[in-house]
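Just so it is clear, none of the values below were taken in a lab; they were calculated from the coordinates. Remember, predicted model here, so these are calculated numbers, not experimental data. Quick reminder, even Gly has a Cβ in these numbers, built from the backbone with ideal geometry, and neighbours come from all protein chains shown.
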Amino acid sequence: MSRKKIALIGGGQIGGVLAQLTAQKELADVVLFDIVEDLPQGKTLDIAEASRVDGFDVQLRGTNEYKDIEGSDLVIITAGLPRKPGMSRDDLLTTNAKIMKTVAEGVKEFAPNSIVIIISNPLDAMVTLFKKVSGFPANRVMGQAGVLDSSRFASFIAWELGISVKDINAMVLGGHGDTMVPIVRYSNVNGVPVMELLERKYNDKAKAKEIMDAMVQRTKMAGGEVVKLLKTGSAFYSPASSAIAMAESILKDQKRVLPTCALLNGEFGVSGYYVGVPVVLGSNGVEKILDFELDAEEQAAFDNSVNAVKSLVEDMERLGF
Ligand code: A3D
C-alpha cells in the first residue's frame, strides 16, 4: 500500500507545525505549498533533516506550484493573513476571500478528489467560500475550530479541578467567534458532571456557576489571550494539533467524533450554513453529523451563533464573493 499524501496550503506558523506533526506521526507524505519563494522548501528541508533523530520515514517537499499537490488525499488550508492594526473586519474578509478563491481553484484543479480541512479565518466564511468555488461535495469540505475550542475549554476545567485533562470531556459548538457555545451541561470527568464537582469543591452553587462562567468566557476569548501575549501572530501549536487530530481520524478511518465546522442540512434546526457540530470523521470525511437535543438556553446561544455566521457570509457576498 502506498503512503497517503497530505498537501498543506500555507507554509506559515500553523503550516510549519502541521508539516512537522504529520511527519512525526508518519501520517502521510507532505507537500507544503506557499506563494513565498523558498519558504516552504526551507521549512520542509529543516523538518526532513530531523527524520533520523525523530525516526520517521515520510517524504517532505516544499513548493510554490500547485501541480505538486496532485494526488493528495487530504488538503489542509492555512493560507491567509491575520488581521493587522488598522485593518477592518471587511478588509480582512476581502483579503482572505481573494486568497481562498485562488486556493480553491488550485485544489479543484490539482487535487479534485481530496478531502479538505480549512483553518484560515474568518473560518466559517472561508469554509463556505471554498465549498462554493470548488463545488466539492459537503462531506469533503470542513473547517477546524471546535477541536481547538473544546481542547481549550477542557484544559481550563482540568486546571481548575486539578485532574488529568485526558479524562475531561468538554464540547464547544457553533461558529468560531465570540458567540461560540461551550456545552456546560454535558461537560464531564469520565462521566461525572463537572458542575457537580465544582459545587462540591466550593460547597456553593453560586460560586460554582461563577467559576464555570469564567471558564466559558475564557474559552470564547482564548484566541485573543494568546494573540495578546505573542504580539506578532496568533496561536499556532494548538490549531495545528487540532487539525492533525481530524486528519488522523480521516486518514486512518478512525470514525472519531470531533466537533467540526460542517455544512448543516436540517440538523440543530439549521440548513445551508457551516457551523460547528459533533461529526463522525472517517475515510469519507464528514460521514455523519450527530444531532442531539439542546435545551432552550443552549439552542438560543446556538441560534445566536448561527446568526453571526449568517451575517459573516452575507458580508462576504456583499463584498462580491
Ligand atoms: P501565517 O504565519 O501568516 O501563515 C499564513 C501563510 O499563508 C503565509 O506563509 C503566507 O505566505 C501564506 N499565503 C498567503 N497568501 C497565500 C496564497 N494565495 N496561497 C498560499 N499561501 C498563501 O498565519 P498562521 O499560520 O499563524 O495562521 C493561518 C490562518 O489560520 C490565519 O488566517 C489565522 O487567522 C487562522 N487561524 C485559525 C484558527 C482556528 O482555530 C480557526 C486558529 C489560529 C489561526
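Relative to 2.2 N^0.38 Å, what does the C-alpha radius of gyration of region 184-244 come to as a ratio? Two decimals please. Please list the in-between numbers first.
Details: Rg = 15.2 Å, N = 61, 2.2 N^0.38 = 10.5 Å.
The reported ratio for this selection is 1.45.
Okay, helix-only estimate at 222 nm for the chain: each DSSP H run of n ≥ 4 adds -39500 (n - 2.57), divide by all residues, round to 500 deg cm²/dmol; what do you get?
Details: 11 runs with 148 residues, N = 321.
Per the formula, -14500 deg cm²/dmol.
Based on the Kirkwood radius over alpha-carbon pairs, what value in µm²/s does the Stokes-Einstein equation return for the translational diffusion coefficient of the chain at 20 °C and 1.002 mPa s?
Numbers: Rh = 20.2 Å.
My calculation gives 106 µm²/s for D.
In nm², what is the average projected area of the convex hull enclosing the Cα atoms of region 261-321? Can you show the working numbers first?
Values: hull surface 18.3 nm².
Mean projected area of the Cα convex hull: 4.6 nm².
Please work out how much length the chain gains when fully extended from D38 to D57, using 0.36 nm per residue of separation minus the C-alpha to C-alpha distance, in nm with one decimal. Don't jump to the answer; show the numbers that get you there.
Values: separation 19, 0.36 × 19 = 6.84 nm, distance 2.29 nm.
Computed gain between D38 and D57 is 4.5 nm.
Could you line up T22, T95 from fewest to most neighbouring Cβ atoms inside 10 Å?
Details: T22 29, T95 15.
By the 10 Å Cβ count, ascending: T95, T22.
By count of other Cβ within 10 Å, fewest leading, how are L148, L197, L18 ordered? Let's see the in-between values first.
Values: L148 23, L197 18, L18 27.
By the 10 Å Cβ count, ascending: L197, L148, L18.
Given the convex hull of the Cα atoms of region 5-144, what is a quarter of its surface area in nm²?
Working: hull surface 32.4 nm².
Mean projected area of the Cα convex hull: 8.1 nm².
Using modelled amide H (1.01 Å from N, peptide plane; none on Pro or chain starts), what sits under 5 Å from the amide H of I118, excluding residues fewer than 5 places away?
Result for I118 returns I77, M142, G143, Q144.
I'd like to know which of P182, G269, M87 lies farthest towards the positive end of the charge dipole of the chain, counting +1 on Cβ of Lys and Arg and -1 on Cβ of Asp and Glu.
The Cα lying farthest towards the positive end belongs to M87.
Grab the alpha carbons of region 211-263, take their convex hull, and tell me the volume per residue in Å³. Intermediate values should be presented prior to the final figure.
Values: hull volume 6.5 nm³, N = 53.
Per residue, the Cα convex hull of region 211-263 comes to 124 Å³.
Which three lengths, in whole Å and largest first, does region 145-321 cover when its Cα atoms are put on their principal axes?
54, 40, 37
Please get the size of the charge dipole for the chain, origin at its Cα centre, with Cβ charges of +1 on Lys and Arg and -1 on Asp and Glu, quoted in debye to the nearest 20.
Result for the chain is approximately 220 debye, rounded to the nearest 20.
Using +1 at the C-beta of Lys and Arg and -1 at the C-beta of Asp and Glu, which of T78, M142, A19 has the Cα lying farthest in the positive direction of the dipole of region 5-144?
M142
Stokes-Einstein D for region 239-286 at 25 °C, 0.890 mPa s, Kirkwood Rh over Cα pairs, in µm²/s?
Details: Rh = 11.0 Å.
Once the numbers are plugged in, D ends up at 223 µm²/s.
What does the charge dipole of region 5-144 about its Cα centre add up to, to the nearest 20 debye, if the Cβ of each Lys and Arg holds +1 and the Cβ of each Asp and Glu holds -1?
Numbers: 15 positive and 18 negative charges, 120 e Å.
Around 580 debye, computed over region 5-144.
Just from the alpha-carbon atoms, what are the Rg and Dmax of region 112-190 in angstroms?
Values for region 112-190 (Cα only, Rg and Dmax): 15.4, 47 Å.
What nm distance separates the two modelled labels at N113 and A214, each placed 7 Å from Cα along Cα→Cβ?
5.4
Which of the helices in the chain meet the span-like rule: DSSP H, Cα axial reach of 30 Å or more, Kyte-Doolittle mean at least -0.5?
89-110
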